[in-house]
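Report on the structure given below.
The values are calculated or read from the model by the stated rules, or taken from the named source; none is laboratory data. Keep in mind the model is a prediction, meaning the values are calculated, not measured. Note that each Cβ is placed from the backbone with ideal geometry, even for glycine, and that neighbours are counted across all protein chains shown.
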Amino acid sequence: MTNIQKQINKVTQKITHATTQVHRNEHEIQLLAVSKTKPIQLIKEAYLAGLRHFGENYVQESVEKIQTIKLDDDFQDPIVWYFIGPLQSNKTRPVAENFDWVQSVDRLKIAQRLNDQRPDHLPALNICLQVNISGEASKSGTTLSQVIDLASQVSDLPRLKLRGIMAIPQKTENLQHLEKQFDELHNIYQKLQILYSEVDTLSMGMSGDLESAIKCGSTMVRIGTDIFGARD
């Protein structure tokens, strides 16, 4: 068993424990392996251990990985690729052409460009709206008060499919404050589910806070460090 396999096993055990604690089914939680800055060899080890969902942050690096992996016979089942980093308008085309999901849409301009640049032969691009739940200036994301309006605009774009919301909460040792942020996100998520039948993804929770995220209703956790080690 490789070290990556051992780490994945530990993460899945944490997910199982967290869901059991709050009487949820572990199969409700999608594990997204965050492979930014990591070499293809480590992605391959995670793939051979059973993972198929991978998240990337940097456009040029990730597109090179995606194109290389397409030519590698060891990757026989398709990978579902998620772009989860801040996205500038001049870099939307390669993302629209290569990814299955974008979880970091925070304004209409980005959504419109992704829609217009999505190739016709590919299915609609799955979209999560990024919410700046903590209001920190250093973080991307729309505000809680703007989410519903942005969702309405994105849902009208034919080459995009609105699937939910994503957020990175403020880093804090105060568990009550952390879970308050997660609860606010879950409330918005439930409102979107009422409005849009295809909304099924609440992407929140990372290596350091997945238990609280699952407790508060997350359906997808983004795990990098606990699988691949610290960022290079």
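A few points about this structure:
- Subset of region 68-87 (residues that are free of Cβ contacts under 8 Å to residues at least 40 places away in the same chain and farther than 17 Å from E45 by Cα): F83, L87
- When residues of region 134-162 are limited to those that are at pLDDT below 95 and among the β-branched types (V, I, T), the one farthest from A124 (Cα to Cα): T143
- Test for I165: is it surrounded by 22 or more Cβ atoms within 10 Å (Cβ to Cβ), among the β-branched types (V, I, T), within 17 Å of the chain's Cα centre (by Cα) and more than 22 Å from A124 (Cβ to Cβ): no
- Any hit, region 168-182, residues being buried (at least 21 other Cβ atoms within 10 Å of the Cβ), hydrophobic (A, V, I, L, M, F, W, C) and modelled with pLDDT under 95: yes
- Within the set K139, K161, K191, K109, the sole residue that is among the basic types (K, R) and closer than 26 Å to G229 by Cα turns out to be K139.
- Qualifying position, being within 28 Å of Q146 (Cα to Cα), without any contact (Cβ under 8 Å) to a residue 60 or more places away in the chain and crowded, with 18+ Cβ neighbours inside 10 Å, among E56, E45: E56
- Scanning region 28-46 finds one or more residues that are assigned to a helix (DSSP H, G or I), at pLDDT 95 or above and closer than 21 Å to G164 by Cα.
- Residue match in region 111-119 (condition: over 18 Å from the mean Cα position of the chain (by Cα) and under 24 Å from Q30 (Cα atoms)): no
- Whichever residue in region 193-232 is under 24 Å from K38 (Cβ atoms) and basic (K, R) and, among such residues, is surrounded by the fewest Cβ atoms within 10 Å (Cβ to Cβ): R231
- Per-region count, region 134-148, residues under 13 Å from V105 (Cβ atoms) and either aliphatic (A, V, I, L, M) or out of contact with any helix residue (DSSP H, G or I) (no Cβ under 8 Å at 6 or more places or on another chain) (or both): 4
- Region 7-60: number of residues that are at positive phi and hydroxyl-bearing (S, T, Y): 1
- Conditions (1) under 21 Å from M166 (Cβ atoms); (2) exposed (fewer than 13 other Cβ atoms within 10 Å of the Cβ); number of the one not met by D74: (1)
- Complete set of residues in region 143-162 that are surrounded by fewer than 21 Cβ atoms within 10 Å (Cβ to Cβ) and assigned to a strand (DSSP E or B): K161
- In the set (1) under 22 Å from R159 (Cα atoms); (2) in a helix (DSSP H, G or I), P119 fails one condition alone, (2).
Matching residues to (1) among the polar types (S, T, N, Q); (2) assigned to a loop (DSSP other than H, G, I, E, B); (3) touching a strand residue (DSSP E or B) at 6+ places or on another chain (Cβ under 7 Å):
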site	(1), (2), (3)
M166	no, no, yes
Q170	yes, yes, no
L185	no, no, yes
Y189	no, no, yes
S197	yes, yes, no
S207	yes, yes, yes
V221	no, no, yes
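- So D226, is it touching a residue at least 60 places away in the same chain (Cβ under 8 Å), among the acidic types (D, E) and more than 29 Å from P119 (Cβ to Cβ): yes
- Considering the conditions (1) closer than 20 Å to W81 by Cβ; (2) within 19 Å of the chain's Cα centre (by Cα), T143 is excluded by exactly one of them, (1).
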